[in-house]
Amino acid sequence: MIGDCNILKSLFFLFLLFSFMPVHAAEPFECRQADLFDYGLIRYQEQKWDLAVLGLDRFIHACPEDSRRHEAAIYLALSYEKQGKTEEAAGLLRHIHREGGEPEASMAALVLASLYAGEGEAGQSVLWAENLLRSMENEDMRTAALWMAGGQYLKAGNFQGAAARWDFLTGEDRREAEGLWVAWQERPEKGRKSPFLAGFFGVVPGGGYFYTGRRQAGTTAFFLTLGMGAASWEAFDQDLPVLGTFLGLITLGFYGGSMKGGMDEVRLTNRNIDASHEAEVLSRFRKEADFPLDRGSIRISLPF
């Protein structure tokens, strides 16, 4: 009986002891390497891409629960792009688009559209730009997406597709798009040649080259074809049909190659004229836009 009383007294004493002990609320866990985000962001702003990648990548892996992880991943993807690692950048941006919340997911789609446009992958650029148009309401992002989608259609020669996208633009953006749309179609005629005429003049060996202004190539083609033809004729005249046939086939090859070469030269000249025209137009209508994030902003080119 006495032993039971002692046990009860001990339990009562422990109850009082724990009742008066100070109670502390559990403090939220803080990542000890959170300062890596600031380090990576500063290096990004300084355009030190290697150091930016180092800091941001370590931050994302060390602090997976940090609310800034998706923003850090966007800066990381942009740093990869500056290093020429477009596949790594695209993969990371697609992950942000799937897993991130707003505005990071929309920003990732916009950067993807710009990245693919810069790489000449028009289909992917339009896909991401129009995905963005369907999924967000930010007017600045919408304008940027319309610019990129319309630009890709314009480069592909689909003027109706470009006009359909740019019809949704307003104010100065719409006037600028209309100016670009008109300027793009004003192909210069100076220096342009006709492939048909190159083929016609190519009936005379080397004539197509002379038409394009490549006189040395035309002269070489003329005398080479003429010489091989003369050799073939001489072989037949000497009763050497096998050799004559062989040299005749070579002569036909030179003749056909000369005609085709002149036509290809014309097409190349015309493509170079068009490329110079397009580069000049885009340099006049080049657009860039800044988009804010929580801890900074990014500048996105709106290439075509």
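At 1.4 Å probe size, with every protein chain present, just tell me what the per residue accessible area of region 164-304 comes to in Å². Please report the intermediate quantities before stating the final value.
Details: 8680 Å² over 141 residues.
Ligands and nucleic acids excluded, the result is 62 Å² per residue.
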Q.
For region 96-157, place one equal point scatterer on every Cα, skip the solvent, and apply the Debye formula. What is log10 of I(q)/I(0) at q = 0.14, 0.19 Å⁻¹?
A. -0.33, -0.59
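Rank these residues by their accessible area, most exposed first, probe 1.4 Å: Val126, Val182, Val242. Spell out each step's value before the answer.
Working: Val126 20, Val182 70, Val242 120 Å².
The ordering from most to least exposed comes out as Val242, Val182, Val126.
Need one number: convex hull volume per residue for region 139-228, Cα atoms only, in Å³.
In region 139-228, the Cα convex hull volume per residue is 126 Å³.
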Q: For region 28-170, just the Cα atoms, rotate onto the principal axes and tell me the three extents in Å, largest first.
A: 55, 31, 22
Q. Which whole-number value in Å³ per residue fits the convex hull of the alpha carbons of region 44-117?
A. 81 Å³
Q: State, as an integer percentage, the relative contact order of the chain based on alpha-carbon contacts under 8 Å between residues 6 or more apart.
A: 12 percent
(Q) Cut-off under 12 Å on the C-alpha distance; same-chain residues fewer than 8 positions from Lys287 excluded. Which aspartates and glutamates are left, in chain and number order? (A) Asp173, Glu176
**Q.** Carbon + sulfur, % of accessible area of region 211-304 - ligands and nucleic acids excluded, 1.4 Å
**A.** 61 percent
**Q.** Protein-only accessible surface order, largest first, of Asp140, Asp274, Asp294 at 1.4 Å
**A.** Asp294, Asp140, Asp274
**Q.** Dipole of the chain, positive end: most advanced residue of Ala105, Ser125, Leu56 [Cβ charges, Cα centre]
**A.** Ser125
Q. Given charges of +1 on the Cβ of Lys and Arg and -1 on the Cβ of Asp and Glu, with all other atoms neutral, how large is the dipole of region 40-138 about its Cα centre, in debye to the nearest 20?
A. 160 debye
Q. Could you give the dipole magnitude of region 100-165 about its Cα centre, charging the beta-carbon of Lys and Arg +1 and that of Asp and Glu -1, in debye to the nearest 20?
A. 300 debye
Q. Tell me which lysines have Cα within less than 21 Å of Lys85's Cα, excluding those fewer than 8 residues away on the same chain?
A. Lys48
**Q.** Estimated D of the chain in µm² per second, where Rh is the Kirkwood radius over Cα pairs and Stokes-Einstein applies at 20 °C, 1.002 mPa s
**A.** 85 µm²/s
Q. Just in region 97-192: which trypsin sites (Lys or Arg not before Pro) are loop by DSSP and have at most 14 other Cβ atoms within 10 Å?
A. Lys190, Arg192
Q | Residue (of Thr219, Ala279, Pro205) at the positive-pole extreme of region 140-299, dipole from beta-carbon charges | A | Ala279
Q. With every protein chain left in place, what is the accessible area of His70 in Å² (1.4 Å probe, nearest 10)?
A. 30 Å²
Q. What translational diffusion coefficient, in µm²/s and rounded to a whole number, does the Stokes-Einstein relation yield for region 254-304 at 10 °C and a viscosity of 1.306 mPa s, taking the hydrodynamic radius as the Kirkwood radius over Cα pairs?
A. 110 µm²/s
Q. According to the Kirkwood expression over distinct Cα-Cα pairs, how big is the hydrodynamic radius of region 162-304, in Å?
A. 19.4 Å
Q) Normalised by the residues of region 205-304, what does the relative contact order come to in percent, with Cα pairs under 8 Å and at least six apart? A) 23 percent
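Return a whole-number percent for the relative contact order of region 86-129, with Cα pairs under 8 Å and 6 or more residues apart as the contact set.
Contact order relative to length: 31 percent.
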Q) Once you charge only the Cβ atoms, +1 for Lys and Arg and -1 for Asp and Glu, what is the size of the charge dipole of the chain about its Cα centre, to the nearest 20 debye? A) 760 debye
Q: Answer with one residue from Phe168, Ala77, Thr251: the one whose Cα lies farthest towards the positive end of the charge dipole of the chain, charges on Cβ with Lys, Arg +1 and Asp, Glu -1.
A: Thr251
Q.
Let me cross-check Ile60: its accessible surface, 1.4 Å probe, with only protein heavy atoms counted, in Å² to the nearest 10?
A. 40 Å²
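The values are calculated or read from the model by the stated rules, or taken from the named source; none is laboratory data. Owing to the predicted nature of the structure, the values given are computational and were not obtained by experimental measurement. Note that we place each Cβ from the backbone using ideal geometry, even for glycine, and neighbour counts take in every protein chain shown. Surface areas here come from the heavy atoms of the whole protein model, side chains and all, with no ligands, DNA or RNA. Shrake-Rupley method; radii C 1.70, N 1.55, O 1.52, S 1.80 Å.
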